[in-house]
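The structure appears below as structure tokens.
The values are calculated or read from the model by the stated rules, or taken from the named source; none is laboratory data. Note that the structure is predicted; figures quoted are calculated from it, not measured. Glycine gets a Cβ as well: all are built from the backbone with ideal geometry, and neighbour counts include every protein chain shown. All accessible areas refer to the heavy atoms of the entire protein, side chains included, with ligands and DNA or RNA removed. Shrake-Rupley method; radii C 1.70, N 1.55, O 1.52, S 1.80 Å.
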Amino acid sequence: MIRRAILLFVISAVGFSGLLSAAPEDAYMKKREQMVAQQIGARGISDPRILQVMRAVPRHLFVPPAYRDDSYEDHPLPIGHDQTISQPYIVAYMTQAALLRSTDKVLEIGTGSGYQAAVLAEMVEKVYTIEIVPELAEESAQRLKSLGYENIFVRCGDGYQGWPEEAPFDAIIVTAAPATVPEELVRQLKIGGRMIVPVGSMEQELIRLIKTQEGVRKESLLPVRFVPMVHGDQ
Ligand code: SAH
């Protein structure tokens, strides 16, 4: 009861809406707390908003029922169509690396299960997310709607094209790996905007691009392994 009261206070203090304030205590709460303590906090993710959101979003509802009990473990899981939901730590890491503010408008490439989109939606004003596999786009849109998210917009399409009608974005998070940084996505970033993207084929590197008046600054963050970002004609 006390924990719940504190949670609600934190939420209203920072103006979140949607899922967090509505989430009932569920059977997986303890697993989520352990996940955050052991896999996320212990590995240096320190932003309290991110820790709070990772404690709140019901990851088990984003995986196929057969994997529910494994959904808080320290690894990715299959979500069908040869795709995966990322490891919890990587979701938290990418979210932190994007240096988000609550007023941000964010684009995600690779909706997959919708989990990363839900985490983002708890942190920022609006999330636009593009998925190339129609069934996944449809399932995730349904799932996010049934969880009460009204600030996530799902589109089925080719992420290499971005979402020009809604550009520019404060941040772009790419959750499938292109061979090189997609230029169109750089164009759709605001000045001061950040892009987090895993680049490469077998060996991939997570990089952060920051777009400035002078050009694009690039930082190497972490070796990673994501599914490939495929081209629309494949
Ligand atoms: N963010 C997801 C995990 C993504 S897995 C989650 O939280 O569950 C990567 C996803 O990128 C897959 O669903 C894959 O179908 C999608 N994808 C691959 N290439 C793409 C492209 N060109 N445009 C949009 N989505 C793409």
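Before moving on, here are some points about what is shown:
- All positions within segment 85-96 that are open to solvent by less than 10 Å² (accessible area, probe 1.4 Å) and either part of a helix (DSSP H, G or I) or more than 12 Å from the ligand (Cβ to nearest atom) (or both): P88, V91, A92, M94, T95
- Some residue of segment 57-77 being within 13 Å of the ligand (Cβ to nearest atom), within 20 Å of A167 (Cα to Cα) and not in a loop (DSSP other than H, G, I, E, B): no
- Residue under evaluation Q188, criteria (1) over 25 Å from Y89 (Cα atoms); (2) more than 16 Å from the ligand (Cβ to nearest atom); (3) crowded, with 18+ Cβ neighbours inside 10 Å, criterion not met: (2)
- Of note, L209 satisfies the criterion of being touching a residue at least 12 places away in the same chain (Cβ under 8 Å), touching a helix residue (DSSP H, G or I) at 6+ places or on another chain (Cβ under 9 Å) and either open to solvent by less than 10 Å² (accessible area, probe 1.4 Å) or not in a loop (DSSP other than H, G, I, E, B) (or both).
- Within segment 154-184, being more than 19 Å from L144 (Cα to Cα), open to solvent by 10 Å² or more (accessible area, probe 1.4 Å) and more than 9 Å from the ligand (Cβ to nearest atom) holds for W163, P164, E165, E166, A167, P168, D170, A179, T180, V181, E183, E184.
- In segment 212-226, the residues that are within 16 Å of the ligand (Cβ to nearest atom) and open to solvent by less than 40 Å² (accessible area, probe 1.4 Å): V224, F226
- Of the candidates E108, E138, E122, the single residue that is within 13 Å of the ligand (Cβ to nearest atom), charged (D, E, K, R) and buried (at least 21 other Cβ atoms within 10 Å of the Cβ) is E108.
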